[in-house]
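Visitor: This structure is in structure tokens; I'll ask about it shortly.
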Amino acid sequence: MAEDKAPVIEMRGVRLTLPSRAGPVEILRGVDFEARAGETVGVVGPSGSGKSSLLMIMGGLERATGGAALALGRDLTAMGEDALARFRRDHMGVVFQSFHLIPTMTALENVAAPLELAGRADAFDRAAEELESVGLGDRLDHYPAQLSGGEQQRVALARAAAPRPALFLADEPTGNLDESTGGAITDLLFALRDRHGATLVMVTHAPELARRCDRVVRMRSGMVEPETAARAAAE
């Protein structure tokens, strides 16, 4: 059971305040959050509630302005940018609503590039294996512009999975896809989680995705609502 396992993500009183012309804006207002090894947590809530900002802090892509943010026991707020980039590369797989593929690289090169940067001698072999696992074994040499939206997201999933991460972070992974394609991508995301024994934290507006998670956290106005309200929102 996930309850018996160590936390992979721990947020304690996390705050995020950003400057604006009208003055400081509170994005996150003292968020407590936890995800344990092997657990899948859905993060839901209205637009502007802070869901994506919370995920960005978990991935070290945004720095909290208050509180503690830990991943795999490491204090993300204490790391410099280079250390965060290495930690994310080695331990996390991040999938966004927009695919963020490099247009001048083939599918194989997009997946292999982070592995090459990590100094892995088997970068291209592993990239080919991951692309095969998401059904793109015959698209290795295709560029993003030659792929459909669903195929591009499959490449992004393969890239996220290639380092064998302990943690998957997904921000609206089906948001740019039609219902049928989105369902296939969701199945692949959960299959990759199972294959790598990873923890998955997923921001979503889709109730059907939230229902597939072990637990649902609902956010509103930069805060986490009581878990009973989150369960009701997912039903």
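Visitor: Putting +1 on Lys and Arg Cβ atoms and -1 on Asp and Glu Cβ atoms, find which of PHE33, TYR143, ALA118 reaches farthest to the positive end of the dipole of the chain.
Guide: PHE33
Visitor: Now for a different question. Residues with amide H under 5 Å of THR40's amide H, sequence separation 5 or more or different chain, H placed in the peptide plane at 1.01 Å from N; which?
Guide: The list, which skips near neighbours in sequence, is LEU200, ASP214, ARG215.
Visitor: Of LEU131, MET105, GLY66, which is farthest on the positive side of the dipole of the chain, counting Cα position, with +1 on Lys and Arg Cβ, -1 on Asp and Glu Cβ, and the Cα centre as origin?
Guide: About the Cα centre, the residue reaching furthest to the positive side is GLY66.
Visitor: Which percentage, to the nearest 5, of the DSSP beta bridges contained in the chain is antiparallel? Numbers along the way, then the final one.
Guide: On the way: 18 of 35 bridges.
Antiparallel: roughly 50 percent of the beta bridges in the chain.
Visitor: Return one quarter of the surface area of the convex hull spanned by the alpha-carbon atoms of the stretch 1-80, equal to its mean projected area, in nm².
Guide: For the stretch 1-80, averaging the hull's shadow over all directions gives 5.9 nm².
Visitor: Ignoring ligands, DNA and RNA, what percent of the accessible area of the chain is carbon or sulfur (1.4 Å)?
Guide: 49 percent
Visitor: What is the P(r) of the chain, as percent of Cα-Cα pairs per 5 Å bin from 0?
Guide: Percent of pairs per bin, in order: 1, 7, 14, 18, 19, 17, 12, 8, 3, 1, 0.
The values are calculated or read from the model by the stated rules, or taken from the named source; none is laboratory data. This is a predicted model, so every value here is computed, not measured. FYI the Cβ positions are ideal-geometry reconstructions off the backbone, even for glycines, and counts take in every protein chain you see. Side chains are part of the model used for accessible areas, which takes the heavy atoms of the whole protein and leaves out ligands, DNA and RNA. Shrake-Rupley method; radii C 1.70, N 1.55, O 1.52, S 1.80 Å.
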